[in-house]
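What follows is a short report on a single structure.
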Amino acid sequence: MNIVVENLTKIYGLQRAVDNISFQVETGEVLGFLGPNGAGKSTTMKSITTYLTPSSGTIRVGNYNIYDHPEEIRRNIGYLPENNPLYPDMPVIDYLKFVAGLQGVEPSQHKARILEMVHVCGLEGEKHKKIAELSKGYRQRVGLAQALIHDPEVLILDEPTTGLDPNQIVEIRELIRKIGRQKTVILSSHILAEVEATCDRIMIINKGKIVADGTADALRKHAGGKEILHVTIEDAQLNEVHQQLMKLESVEMVDFVNKENGTFEVQSKTGASSRKAIFMLCVQNNWVLTRLNPIETRLEDVFRELTLS
Amino acid sequence: MNKIWIIAKKEWQSFFDSLTAYIMLVVFLGFSGFFTWLFGSDIFFVKQASLSVFFGVSYWTLFFFIPALTMRQFAEENKTGTIELLLTRPVTDWQVIAGKFLATFLLIGFALLLTLPYYFTVASLGNIDNGATISGYFGLLLISSAYISIGLFASSLTNNQIVGFLLAMAIGILFHFIFSLLAMSTGGLVAETFNYLSISARFDAISRGVIDTNDLIYFVSLIFLSLVSTEAILQKNRN
């Protein structure tokens, strides 16, 4: 089932939490929402799950519209809300049984589904404990188990790995990737590495608007148009090297990175590359070029550039 | 119906898990038993084989206990955010409300069932009016339903249980005292309206075993109005 969001706007009082955004997620795609706190990620997710009614705009999940067939959408969505709300007094098994019943899982299938979820989410040792007795990581697993119990076509996960330790994070990411091959998944996070590791596509949201949309590579290219090189030149006068580098036609800026070993940061003009020119320069002057490597724009930088303006 | 039952079962379970149910049952039976059999103008004082004293006592005990049962039903879900998960399941708001209503109603029904020995005791003492007893119990269930609906409405307004409890009590007091007081201090049509709205006048008849259509319509409308308002609040929270 695909998700189509068209001109979604959500206004709280005077604030536009989500401002006229449109996007589409295909089946078999994992979309990552990135954005600072309060950017409108959760609001968008809550609208897709039919919890919030948009101020304007429409959302379709498969062939169902949130206004006309909210129940069909709810049947097909697995949702893990922000902060993972659970009933602390309920034992894990009872809670999963309750959810399975509400989600309309066939009663004959209850036991099998619950056992599978307990297994998939690694809850074997805690299944008879009350939720209140679980650690944060295990609660998060219960949250995932309840979202997956009815084998939903669409999975909406609001910050799924908060509170998990590094091993669990890797497990959960693998699980999400596995599910994402056949289902439609939207997840939000502010851990950039996580989104990069799990998602096919990244969408950066800021102040209720989409500011970037594409694969991690595409986003890097989009933001880092200029070539940046780290150059180490040995056996040479640093100031002279600096001057000579500045004279190169394609170079926009040269900076010292490490004066001890003679490392410079060379930023080229937009669209130009200085690699060949630097090599030729070293050959001409008999300098020893020991390093010449391009610096990739990190996703963090892309994120900061897009959301700090 | 199935979904309503699933929600009701979960609510019922949480009454017992949180010990609320045990406390409620013990205190209700203790209170109504004490005032019915042992203290003040008790059942022996009226010199009739009638449970009307018990009905009068229950009327007041339930007035305090039902808000204590309903106070957390929406307030706690609002506070922890579980309401978001509940309302994004394939259930309607009405099924959620009905499930919570049903669980509380069944618990009250269970509490009243445990007072049946009172009936058998009184019946063995003299000639009891069975019709009056049945309609007395029916009246208690009717009033309980009204309290439950008001309690659910109050609980849906807040994310604090105590506020939910106090609000339900405040609305209850309005129907118990304020309206009849206003009826006394005004006159004409206004007084009649307030008198109509007051619960207390109706209960006197009910505890004697008399329920007329007028009362039935009154309670059903009160229940309906409270539940519709609860649904409106759930809807409003989505905006």
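Contact map, the range B:222-239: first residue within 14 Å of chain A (Cβ to nearest Cβ) and open to solvent by 20 Å² or more (accessible area, probe 1.4 Å), second residue among the small types (Gly, Ala, Ser) and in a loop (DSSP other than H, G, I, E, B), Cβ cut-off under 9 Å, separation 6 or more or different chains; pairs are B:Asn239/A:Ser55. Just name the residue that is surrounded by the most Cβ atoms within 10 Å (Cβ to Cβ) out of those in the range B:194-216 that are polar (S, T, N, Q) and at pLDDT below 80. Taking the candidates together, the pick is B:Ser207. Filtered by the rule that a residue be of a type outside the set (A, V, I, L, M, F, W, C), in contact (Cβ under 8 Å) with a residue 60 or more places away in the chain and part of a helix (DSSP H, G or I), the range A:170-193 gives A:Arg177, A:Gly180, A:Arg181, A:Gln182. How about the range A:129-143: which of its residues are out of contact with any strand residue (DSSP E or B) (no Cβ under 6 Å at 6 or more places or on another chain) and of a type outside the set (Lys, Arg)? A:Ile131, A:Ala132, A:Glu133, A:Leu134, A:Ser135, A:Gly137, A:Tyr138, A:Gln140, A:Val142, listed by residue number. Go through the range B:1-39 and give me each residue that's within 23 Å of B:Phe74 (Cβ to Cβ), of a type in the set (Ser, Thr, Tyr) and open to solvent by less than 30 Å² (accessible area, probe 1.4 Å). Across the range B:1-39, the qualifying residue is only B:Ser14. Here is the figure for the range A:194-207: residues that are crowded, with 23+ Cβ neighbours inside 10 Å and part of a loop (DSSP other than H, G, I, E, B) total 1. Restricted to strands (runs of 3 or more DSSP E) entirely inside the range A:209-309, those with at least 3 residues that are of a type outside the set (Val, Ile, Thr) and either open to solvent by 90 Å² or more (accessible area, probe 1.4 Å) or under 30 Å from A:Cys199 (Cα atoms) (or both) are A:209-214, A:288-294. Among the candidates A:Tyr51, A:Tyr95, A:Tyr67, the residue that is hydroxyl-bearing (Ser, Thr, Tyr), over 26 Å from the mean Cα position of the chain (by Cα) and open to solvent by 10 Å² or more (accessible area, probe 1.4 Å) is uniquely A:Tyr67. Taken over the range A:118-139, the criterion of being under 24 Å from the mean Cα position of the chain (by Cα) and loosely packed, with under 15 Cβ neighbours inside 10 Å is satisfied by A:Lys136 alone. Report, by residue number, each residue of the range A:1-20 that is outside any strand (DSSP E or B) and surrounded by 15 or more Cβ atoms within 10 Å (Cβ to Cβ). A:Met1, A:Asn2, listed by residue number. Contact map, the range B:2-16: residues that are over 14 Å from B:Asp93 (Cα atoms) paired with residues that are open to solvent by 30 Å² or more (accessible area, probe 1.4 Å), Cβ distance under 6 Å, separation 6+ or inter-chain. Pairs shown: B:Ser14/A:Asp89.
Scanning the range B:82-96 for residues that are acidic (Asp, Glu) and more than 7 Å from every other protein chain (Cβ to nearest Cβ) returns a single hit, B:Asp93. Residues satisfying the criterion are absent from the range B:76-85 (criterion: closer than 26 Å to B:Ile134 by Cα, open to solvent by 10 Å² or more (accessible area, probe 1.4 Å) and outside any helix (DSSP H, G or I)).
A:Leu289 falls short on exactly one of the conditions (1) in contact with a helix residue (DSSP H, G or I) (Cβ under 8 Å, 6 or more places away or on another chain); (2) modelled with pLDDT under 85, and that condition is (2).
Does at least one position in the range B:198-211 carry a residue that is free of Cβ contacts under 8 Å to residues at least 40 places away in the same chain, within 13 Å of B:Phe179 (Cα to Cα) and in contact with a Phe, Trp or Tyr (Cβ under 6 Å, 6 or more places away or on another chain)? Scanning the range B:198-211, I find at least one residue that is free of Cβ contacts under 8 Å to residues at least 40 places away in the same chain, within 13 Å of B:Phe179 (Cα to Cα) and in contact with a Phe, Trp or Tyr (Cβ under 6 Å, 6 or more places away or on another chain), so the answer is yes.
The values are calculated or read from the model by the stated rules, or taken from the named source; none is laboratory data. Since the structure is predicted, the reported quantities are computational estimates derived from the model, not experimental observations. For neighbour counting, all protein chains shown are included, and Cβ atoms are generated from backbone atoms with ideal geometry for every residue, glycine included. All accessible areas refer to the heavy atoms of the entire protein, side chains included, with ligands and DNA or RNA removed. Shrake-Rupley method; radii C 1.70, N 1.55, O 1.52, S 1.80 Å.
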